[in-house]
Amino acid sequence: MANILIIDDEKSIRKTLSEILSYEGYKIDEAGDGEEGLKKFSEKTYDVVLCDIKMPKLDGIEFLDRSKMVNPDVPVIMISGHGNLDTAVEAVKKGAFDYISKPPDLNRLLITLRNALDKQSLVTETKVLKRKIGKALEMVGDSGPLNKIKDTIEKVAPTDARVLITGENGVGKELVARWIHEKSNRSSGPMVEVNCAAIPSELIESELFGHEKGSFTSAIKQRIGKFETANGGTLFLDEIGDMSLNAQAKVLRALQEGKITRVGADKDISVDVRVIAATNKDLLKEVDEKKFPARPVSPPGCDHYSCALIE
């Protein structure tokens, strides 16, 4: 049974909403102003909040801001009899789940409430699955080399340093990359994977940087590349040694300047991405043979089976 908090300075509105939602099977708490609502919100876990905008002491927009500091995952539905389009837009921009004008349409209110509960359920389920995945990807073992890799991950993960993971096929390079992401400050952001060896050289640039509609024969619509998709998170480039020289040069520019350009476009797009790469090739040899433009430099404590930073 879902717990719902109703915050409104009009007693008649609170009573009406409480009776309707109680009849629908929800557990209801009430608050007569924003301060009382924030106090109850801080002391108890709710699934959804219905909040008026114009209230004494603490208005609905202020409550919305402060509630996100207490528990950002709880959907807040704003309700107001003084509503206008600007107010609705401001509320949604600040994180409100939806905006309903007074007097609320009962059917719309119930549908919005169910949608908000569905969202809350998905957020909770996602967190549970992430914890399960994290446990499933745990490194098991207590050998000297494995402990050395774990120590290196602990040192490198909290930084924004770019990481190169080397080793033969099957040694767990992807697992190391996922560990670095999960222990980093970007763990709440996406981790996007690209297998450079599996993408034809003529398509790798479109895959990484995206393309504009009509930029080549099969470009029937605009496409967002992996760099943009990974914005705010981590981009894992597996088998980077198999990337074409032309694509390598563009990746190097993205690393140096934090900007990319879609294929067929002339406008730069800023991206905030941490790049982790992996390869089973000897990149020092590849550099000597002019097949790889950047020389990897191993930081202290790294060996062939752990990681190296790319400078």
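The rows are residues; the columns are (1) of a type in the set (Lys, Arg); (2) modelled with pLDDT under 85; (3) under 25 Å from the mean Cα position of the chain (by Cα); (4) not assigned by TED's automatic domain parsing to the domain that holds Ile7.
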| site | (1), (2), (3), (4) |
| --- | --- |
| Leu21 | no, no, no, no |
| Lys44 | yes, no, no, no |
| Cys51 | no, no, no, no |
| Pro56 | no, yes, no, no |
| Asn71 | no, no, yes, no |
| Pro75 | no, no, yes, no |
| Ser80 | no, yes, no, no |
| Val92 | no, yes, yes, no |
| Asp98 | no, no, yes, no |
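Taking the criterion of being free of Cβ contacts under 8 Å to residues at least 40 places away in the same chain and over 30 Å from Asp282 (Cβ atoms), the residues of the stretch 223-248 that qualify are Arg223, Ile224, Thr229.
Go over the candidates Arg178, Arg186 one by one and state the one that is within 20 Å of Gly232 (Cα to Cα) and in contact with a Lys or Arg (Cβ under 8 Å, 6 or more places away or on another chain).
Numbers: Arg178 fails: in contact with a Lys or Arg (Cβ under 8 Å, 6 or more places away or on another chain).
Arg186 is the lone residue from the list that is within 20 Å of Gly232 (Cα to Cα) and in contact with a Lys or Arg (Cβ under 8 Å, 6 or more places away or on another chain).
When you check Lys119 against the structure, is it in contact with a strand residue (DSSP E or B) (Cβ under 8 Å, 6 or more places away or on another chain) and in the same structural domain as Ser18 (by TED's automatic domain parsing), yes or no?
No, not satisfied.
For the stretch 258-286, filtering for residues that are in contact (Cβ under 8 Å) with a residue 40 or more places away in the chain and hydroxyl-bearing (Ser, Thr, Tyr) leaves 2. Has the stretch 146-166 got any residue that is more than 24 Å from the chain's Cα centre (by Cα) and among the small types (Gly, Ala, Ser)? No, there is no match, as no residue in the stretch 146-166 is more than 24 Å from the chain's Cα centre (by Cα) and among the small types (Gly, Ala, Ser).
Residues are listed down the side, and each one gets a yes or a no for (1) at pLDDT below 90; (2) touching a Pro at 6+ places or on another chain (Cβ under 7 Å); (3) farther than 28 Å from Glu182 by Cα; (4) not assigned by TED's automatic domain parsing to the domain that holds Ile199:
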| position | (1), (2), (3), (4) |
| --- | --- |
| Glu228 | no, no, no, no |
| Gly233 | no, yes, no, no |
| Gln256 | yes, no, no, no |
| Asp272 | no, no, no, no |
| Val275 | no, no, no, no |
| Ala278 | no, no, no, no |
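Here Ser22 fulfils each of the conditions (1) of a type outside the set (Val, Ile, Thr); (2) surrounded by 13 or more Cβ atoms within 10 Å (Cβ to Cβ); (3) out of contact with any helix residue (DSSP H, G or I) (no Cβ under 8 Å at 6 or more places or on another chain); (4) more than 22 Å from Gly95 (Cα to Cα) apart from (2).
Check every one of the helices (runs of 4 or more DSSP H) wholly within the stretch 1-105 and list those with 2 or more residues that are of a type in the set (A, V, I, L, M). I'd like the intermediate steps shown before the answer.
Details: elements: 11-23, 34-43, 60-70, 85-93.
Of the helices (runs of 4 or more DSSP H) lying wholly inside the stretch 1-105, those with at least 2 residues that are of a type in the set (A, V, I, L, M) span 11-23, 60-70, 85-93.
The values are calculated or read from the model by the stated rules, or taken from the named source; none is laboratory data. No experiment lies behind these values; they were computed from the predicted model shown. Every residue, glycine among them, receives a Cβ derived from its backbone with ideal geometry; neighbour counts consider all protein chains shown.
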